[in-house]
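Participant: Mind looking over this structure? Questions follow.
The values are calculated or read from the model by the stated rules, or taken from the named source; none is laboratory data. Computed from a predicted model, the values in this text were never measured in an experiment. Here the Cβ positions follow ideal geometry from the backbone for every residue, glycine too, while neighbour counts run over all protein chains shown.
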Amino acid sequence: MLYAEEGVPVFAQGDAGRKYLFIQMEGSMKDPSKIMDVLETCDLFRGLDRQEVERVAALCHFETYKQGESILNQGDLGDMLYIIEEGHVFLERAIDLGTKMGNVIVSLLGKGRALGCWSTLLGHSHMLMASTRCRRSTSVIAFKGLDLREIMLSDPHLGFKILERLCFILRDRIQGAYGALENI
């Protein structure tokens, strides 16, 4: 049995010499197979074969956020990508139209949805164009975009499949942004 303080990673050796990462979260161990389950069904990695998902899973760890807490903040430089394991986050953009200022909710993202700084997949830093705020307590799978980029460059076929999925995600986000702007 593994024991750890909350938030402290614990590594364990598994079958065929594989190393697994466990993180104590709110009193229970997160099983690394849970990372696989979430990645296999998420909008960014859906359709990848098991070995491809395993390569991505090796980059990942769990993080939790409380209700109202931000995962990403508009204007910050980012290098992380996230998949929502449990919970919901508002994707919102701060706007200033001179006479009107405030936040526009672009989308509500739930289980299996991907978010983060997509430009890291291109090897560039970029300011985040939106913020995320947790609607309720939320658990995410997190990984560095540059680490995923390295996998994508080492296997162009896999890289293309991931970029293809990303195009669909970005299309949906742009449609959501246009819809939100129409309601201002």
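Participant: Just to be sure before I move on: is Arg46 in a loop (DSSP other than H, G, I, E, B) and basic (Lys, Arg) in the structure I sent? Steps first, answer last, please.
Facilitator: On the way: in a loop (DSSP other than H, G, I, E, B): yes; basic (Lys, Arg): yes.
Considered against the rule, which asks whether it is in a loop (DSSP other than H, G, I, E, B) and basic (Lys, Arg), Arg46 comes out as yes.
Participant: It is to be established whether one or more residues within the range 23-36 are surrounded by fewer than 19 Cβ atoms within 10 Å (Cβ to Cβ), at pLDDT below 95 and in contact with a Pro (Cβ under 7 Å, 6 or more places away or on another chain).
Facilitator: yes
Here's the yes/no breakdown for (1) within 27 Å of Asp37 (Cβ to Cβ); (2) surrounded by 18 or more Cβ atoms within 10 Å (Cβ to Cβ); (3) at pLDDT 95 or above; (4) among the β-branched types (Val, Ile, Thr):
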{"site": "Ile105", "(1), (2), (3), (4)": "no, no, no, yes"}
{"site": "Lys111", "(1), (2), (3), (4)": "yes, no, yes, no"}
{"site": "Gly116", "(1), (2), (3), (4)": "yes, yes, no, no"}
{"site": "Ala142", "(1), (2), (3), (4)": "yes, no, yes, no"}
{"site": "Glu150", "(1), (2), (3), (4)": "yes, no, yes, no"}
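Participant: So, of the residues in the range 71-96 that are at pLDDT below 95 and among the small types (Gly, Ala, Ser), which turns out to be nearest to Ser107 (Cα to Cα)?
Facilitator: Selected residue: Ala94.
Participant: Sticking with this structure for a sec: Please tell me if Cys42 is under 27 Å from Arg173 (Cα atoms), modelled with pLDDT of 95 or more and in contact with a Pro (Cβ under 9 Å, 6 or more places away or on another chain). Before you say what the answer is, go through the steps one by one.
Facilitator: Working: under 27 Å from Arg173 (Cα atoms): yes; modelled with pLDDT of 95 or more: yes; in contact with a Pro (Cβ under 9 Å, 6 or more places away or on another chain): no.
Judged against the criteria, Cys42 is not a match.
Participant: Follow-up. May I ask you to list pairs of residues, at least six apart or on different chains, whose Cβ atoms are under 6 Å apart, with the first in the range 139-166 being closer than 15 Å to Arg46 by Cβ and the second being outside any helix (DSSP H, G or I)?
Facilitator: Ile141/Cys60; Ile141/Ile83; Ile141/Glu85; Arg165/Leu44
Participant: Can you name every residue in the range 79-101 that is free of Cβ contacts under 8 Å to residues at least 60 places away in the same chain, assigned to a loop (DSSP other than H, G, I, E, B) and either basic (Lys, Arg) or surrounded by 15 or more Cβ atoms within 10 Å (Cβ to Cβ) (or both)? Please lay out each step first, then the result.
Facilitator: Of all residues in the range 79-101, those free of Cβ contacts under 8 Å to residues at least 60 places away in the same chain come to 83-90, 92, 94, 96, 98-99, 101.
From what's left, assigned to a loop (DSSP other than H, G, I, E, B): 87-88, 98-99.
If the condition is that a residue be free of Cβ contacts under 8 Å to residues at least 60 places away in the same chain, assigned to a loop (DSSP other than H, G, I, E, B) and either basic (Lys, Arg) or surrounded by 15 or more Cβ atoms within 10 Å (Cβ to Cβ) (or both), then Gly87, His88 are the ones that fit.
Participant: Can you tell me which residue in the range 164-184 is surrounded by the fewest Cβ atoms within 10 Å (Cβ to Cβ), limited to those that are among the hydrophobic types (A, V, I, L, M, F, W, C) and either modelled with pLDDT of 95 or more or in contact with an Asp or Glu (Cβ under 8 Å, 6 or more places away or on another chain) (or both)? Outline the logic, then answer.
Facilitator: So in the range 164-184, the residues among the hydrophobic types (A, V, I, L, M, F, W, C) come out as 166-170, 174, 177, 180-181, 184.
If we keep only those that are either modelled with pLDDT of 95 or more or in contact with an Asp or Glu (Cβ under 8 Å, 6 or more places away or on another chain) (or both) as well, we get 168-169.
On the way: Phe168: 12, Ile169: 16.
It comes out as Phe168.
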